[in-house]
Amino acid sequence: MSDKTLVSVVIGSLRKDSFSRKVAQALIAEAPASLECRVVEIGDLPMYNQDLDDRPPEQWTRFRDAIRSSRAVLFVTPEYNRSIPGCLKNAVDVASRPYGKSVLDGRPAGVVSVTPHKLGAFGANHAIRQTFVFLNMPVMQQPEAYISNAGELFDQKGQLESNETRQFLEQFMAAFGKWIAQVSGGSEMETFDSFMRKRTEAARAYVNGDAGPLDRIVAHNGAASFFPPNGGSERGAKEVNARYDRDARSFGKGGETQLEVLQSASAGDVGFWTGFQSARVKMGDGSQPVTMKLRVTELFRRIDGDWKMVHRHADPMAEPVKRDDSGLRSERQPQSGAQRQSSQH
Ligand code: FNR
């Protein structure tokens, strides 16, 4: 697995000979070795329409997955009428929905604005920053990057001619790399211990019907599995996540849960915890609260710098083996009715 920090580069122009794309390519070329930058295309994204939240076009899913799998996003945009082009706003809107599942949430951002005119496309640069406030995206403040006279910076082959601009882009990318690390908790990547606090918060939201925080810490590509408490198995990231989503929706508000960690460790890019999960949940149908205790093992992998859950095994806690008065061993059935009812958790 690569040690590099993956950065999605989103370009706000669909034009074949776009100056913004040329600047984006120059930024990628000048990026420090710690960053792996790749352009995520937005030209094929259907216009955002809330009616499609339940059956998203596959282009939306592709775009969201690409952003989700990266550590940070660099926006390189021209200015249209003192704001950002519609295609870029559409991409931001697509990435930000469905509500509560924004793939932009908390993701560090950088902005470079580009124009063949004067004024550096200042209006676009600050218009997109305005969206970051609501999107909860920390954005690098300094250095700012307003690229003016973009038509004079490149040769016929689209190569950057100006050394001064090249140096500036290099400084910008170096600062961006350091700043991503700083926002991500210093130069160190997030430790497994601090990640486990996030895991606990996600469990609390989950038993209150909100799968959003869990969605942000599960793998969305590649191998993933879930062995649910009522038997069977889900395999593949898509299937597992659909199941988590479905199960969370069966819970109403007012649930509580605790993780009791017996063992937990991480080495390199893998981590795990095993122990118990107790919960008192209200089902969405308004029935009486249900208590449950599960034996849980979860496995995690660090994917593109972030810890992601790749496996969860949860079984209902069996009643302990008891001796009856005659000294003969008897075993109780492992699941009570209440546990069965709530066993999708
Ligand atoms: C522009 N352009 C433009 N330029 C600018 O500096 N400020 C502006 O507000 C606008 N407004 C604007 C509106 C619309 C609809 C268009 C098509 C263009 C000019 C723009 O900077 C120029 O076309 C760039 O070449 C666009 O960027 P790309 O496509 O080269 O990256």
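The values are calculated or read from the model by the stated rules, or taken from the named source; none is laboratory data. Worth saying up front: this structure is predicted, and the values here are computed from it rather than measured. As a convention, Cβ positions derive from the backbone with ideal geometry for all residues, glycine included, and neighbour counts pool all protein chains shown. All accessible areas refer to the heavy atoms of the entire protein, side chains included, with ligands and DNA or RNA removed. Shrake-Rupley method; radii C 1.70, N 1.55, O 1.52, S 1.80 Å.
General remarks:
- The calculated FRET efficiency for residue 287 paired with residue 246, based on their beta-carbon distance and R0 = 25 Å, is about 0.85.
- Considering only Cα atoms, the convex hull volume of the stretch 72-164 works out to 112 Å³ per residue.
- Rounded to 0.05, the FRET efficiency of the residue 17 and residue 238 pair, given R0 = 51 Å and the Cβ-Cβ distance, is 0.85.
- Value of [θ]222 nm, deg cm²/dmol, for the chain, DSSP H segments ≥ 4, -39500 (n - 2.57) each, nearest 500: -9500 deg cm²/dmol
- Cβ-based net charge around residue 143, under 12 Å, with every Lys or Arg adding one and every Asp or Glu removing one: -1
- Portion, in percent, of the accessible area of the chain that falls on carbon or sulfur, probe 1.4 Å: 49
- Computed extension length for residue 90-residue 297: 70.5 nm, one decimal, from 0.36 nm per residue of separation with the Cα-Cα distance subtracted.
- Counted charge near residue 227, where neighbours are those whose Cβ lies closer than 14 Å (Asp, Glu -1; Lys, Arg +1): -1
- Using 0.36 nm per residue and subtracting the Cα-Cα separation, the extra length available between residue 197 and residue 133 on full extension is 20.6 nm.
- All aspartates and glutamates inside 15 Å of residue 16 as judged from Cα atoms, apart from same-chain residues fewer than 8 positions distant: 41, 44
- Global geometry of the stretch 278-320, whether rounded, prolate or oblate, following the gyration tensor of its Cα atoms and the 1.5 cut on a/c: oblate
- Label point distance in nm, residue 253-residue 280, each placed 7 Å from Cα along Cα→Cβ: 1.8
- Scanning residues 5 or more positions from residue 74 or on other chains, those with amide H under 5 Å from its amide H are 8, 9, 10, 110, with H placed 1.01 Å from N in the peptide plane.
- Calculated FRET efficiency for the pair residue 230/residue 39, C-beta based, R₀ 45 Å, to 0.05: 0.55
- Fraction in percent of alpha-carbon pairs per bin - 10 Å, the chain: 5, 22, 27, 21, 13, 7, 3, 1, 0, 0
- Here the spin labels are modelled as points 7 Å beyond Cα on the Cα-Cβ line, and at residue 50 and residue 217 they lie 3.0 nm apart.
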